[in-house]
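Only one structure is covered here, and it is reproduced in the block below.
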């Protein structure tokens, strides 16, 4: 076993900023979160971030405080990972912000920045459902659909940092209109947003009684993906059919990914992944039907394990050098050798 | 400039085996080819290969012979690159043949083996339209559609060596039946085979006079992709429309690749790429329409430069360590540093 390492992981979202002190096995030793307060401007967002970090440190064992090696941040948008600049983050209303540098000045520690999908992938790689994988795709089904690609043990970002735009694979030529201006992109068919739209359609068609009942119980009456997942757990056939449809479209997208990347493992996370087998079962069936013979059998499609901790754990993994070619402050070669850390 | 390097490249096809002595800039110093003679069994194929190598050496300058560092082979099928085993090569009627080892015994030189699409990609990377690219996709449009992926300067093979099955991206849900058993795969729409089928359809619809005339002149009367390309060069509108249609489908496939890989360059090669702008123009238009805004502008889509030399040059590049993480016999870091070799 390597000497234990420690890093701070920050999950910077549009509503909430979470920070955690994380060890080299992905265990959170202390955590905190604060509202991001995007409305109040960049300085306040940075202050809230620093405060969350200080609280997380204060809540961690005293002995760990002098041993933090670096800070990682997952930001919601396009990030230039090499420089730590956030190029565009609509949810933060940021354009070209030198986040890495600004936090480094305030925290007096080395800061690494990447986008939230990449951090989620590193989290699952370090301590979740992707442990030990060298060829791993982590798909996040939330408001949209994103992905982090771990290829040959390294995060793959592409020439401009935009690789992995899985949400915009065209799946259904005449499908729903996407935010990107085209029709039938994967995220119009299997995101939480898409499932909510299917549910509202079912309700307006008079088939949604169970979903409405679920919405009253768990979602303050709002007919959204959570209500569909709850109704599906109660075996409501309409909710199950909606998740089956979304899962089938997901399977088409997965087949394209499998044919192109030949991964050993695909981890499905994000809020919609809590649907579990009601979604993943149909996705696997469609994948087997659509991927090249032989390729579908080489890949395991599994649910994410870290839930909403993935962001903090993954940002810490980024700081510890996971997914990077050049050695980070962590033990040399951990990411490259595909080392399997012990259970976190 | 590094000390000059030399390798032998072998392009092992179902009909013909070609060998060349190649220098570190991708120049062929001596070459030869022989019929593969698949019918006569594996031993004869190996003998023909060795003979082509010996002839290529005999035709090279005398001073180069003692300086060959390694041998590379591109094989038509699934290859386990680490061990040099050909797992499945229908055109050779081979299953699990230890090609690397068998040739190493006969040639008494280190032998590297990879599939032909990966070798073509390395050829274009070393000395063709992909020079200097770190994020490069090389698509080959021939009987089928294949691809070699250079990601972060390295060949990406995936977990089982199957990555880059671009030909089986589903593009048209109710499209033509593919050899893989599904419908509307990219290779049913923009391969040489697909273009030939569209041409035969045009002929049977009575719209194919110019294509038939071209076929008589250049293709022994056979209505195939070559005849369509010839008629297109004479500005036949039917032939141009066929290439526009194939190019448009290609553009849909490219949009998916661009969204997922964010490459800086896509090189289009193979027999159908000789159609040039009649095919690539519509492909670029469709790519711009379909890829995420911003991403299409980051990528150049260009025709391959090496033609049917790509196989030999690329196999030699493989031997010289291009696209490999661990240093080959070549200068350390050439592939990793994205070095731009001088013009070949």
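Reported to the nearest whole Å, the Cα centre-to-centre distance from region B:47-101 to region A:230-303 is 41.
Relative to the longest principal axis of the Cα atoms of chain B, the long axis of helix B:237-261 lies at roughly 60 degrees. The Rg/Rh ratio for region A:53-161, using Cα coordinates for both the radius of gyration and the Kirkwood hydrodynamic radius, is 0.99.
What's the FRET efficiency of residue B:174 with residue A:177 using the Cβ-Cβ distance as r and R₀ = 35 Å, to the nearest 0.05? Here the calculated transfer efficiency is 0.95.
For chain B, the longest principal axis of the alpha carbon atoms and the long axis of helix B:42-58 meet at an angle near 70°.
Directionally averaged projected area (chain B, Cα convex hull): 17.4 nm². Label-point spacing at residue A:183 relative to the other copies reads 1.8 nm, in ascending order, each point sitting 7 Å out from Cα along Cα→Cβ.
Inter-chain Cβ neighbour count for A:172-182, averaged per residue, equals 2 (cutoff 10 Å, partner chain atoms only). D for region A:133-303, whole µm²/s, Stokes-Einstein with Kirkwood Rh over alpha-carbon pairs at 37 °C and 0.692 mPa s: what number? Using the Kirkwood radius from Cα pairs, D works out to 203 µm²/s.
For the peptides B:275-287, A:292-304, the ranking by mean Cβ contacts within 10 Å, running from highest to lowest, is B:275-287, A:292-304.
Based only on other Cβ atoms within 10 Å, what is the fewest-to-most ordering of A:205, A:23, B:116?
Numbers: A:205 9, A:23 21, B:116 26.
Ordered from fewest to most neighbouring Cβ atoms within 10 Å, A:205, A:23, B:116 come out as A:205, A:23, B:116.
In terms of the ratio Rg/(2.2 N^0.38 Å) built on C-alpha atoms, what value belongs to the protein assembly as shown? Provide the component values of the computation, followed by the final result.
Values: Rg = 26.7 Å, N = 688, 2.2 N^0.38 = 26.3 Å.
Ratio of Rg to 2.2 N^0.38 Å for the protein assembly as shown: 1.02.
Quick one: P(r) of region A:200-283 from all Cα-Cα pairs, 5 Å bins, percents rounded to integers, in order of increasing distance. Distribution as computed: 3, 16, 23, 22, 15, 9, 6, 5, 1 percent. Between copies, the label points at residue B:14 (set 7 angstrom from Cα along Cα-to-Cβ) are spaced 5.2 nm, reported in nanometres from shortest to longest. A protection proxy built from the mean count of other Cβ atoms within 10 Å ranks the segments A:71-82, A:218-229, A:40-51, most packed first, as A:71-82, A:218-229, A:40-51. For residue A:235, the point set 7 Å out from Cα toward Cβ sits 7.2 nm from its twins in the other copies, listed from shortest up. When each of the peptides B:159-171, A:96-108 is scored by how many other beta carbons lie within 10 Å of its residues on average, the order from highest to lowest is B:159-171, A:96-108.
What value, in deg cm²/dmol to 500, does the helix sum -39500 (n - 2.57) over DSSP H runs of n ≥ 4 give at 222 nm once divided by the residues of the protein assembly as shown? Can you show the working numbers first?
Values: 20 runs with 246 residues, N = 688.
Dividing the helical sum by the residues of the protein assembly as shown leaves -11000 deg cm²/dmol.
Antiparallel DSSP bridges in region B:132-303: what percent, to the nearest 5? Bridges in region B:132-303 are about 55 percent antiparallel. Mind pulling the angle between the C-alpha long axis of helix A:116-127 and the longest principal axis of chain A? Nearest 10 degrees, somewhere in 0 to 90. Rounded to the nearest ten degrees, it is 80. Note on B:109, A:4: ascending count of other Cβ atoms within 10 Å places them as A:4, B:109, the fewest first. By DSSP, what percent of the beta bridges with both residues in chain B are antiparallel, rounded to the nearest 5? Antiparallel bridges make up about 60 percent of those DSSP assigns within chain B. Taking every residue in A:160-167 and counting other chain Cβ atoms within 10 Å of its Cβ, the average works out to 6. Suppose the Debye formula is applied to equal point scatterers at every Cα of region A:1-107; what is log10 I(q)/I(0) at q = 0.14, 0.23, 0.24 Å⁻¹? Each listed q corresponds, in turn, to -0.53, -1.24, -1.31.
I'd like the mean, over residues of B:260-268, of how many other protein chain beta carbons sit within 10 Å of each residue's own Cβ.
Numbers: counts 16, 11, 10, 4, 3, 1, 0, 0, 0.
Partner-chain Cβ atoms within 10 Å, mean over residues of B:260-268: 5.
Coordinate-derived values only; no laboratory data. Quick caveat, the model's predicted, so the values are computed rather than measured. With ideal geometry, Cβ positions are generated from the backbone for all residues, glycine too; neighbour counts draw on all protein chains shown.
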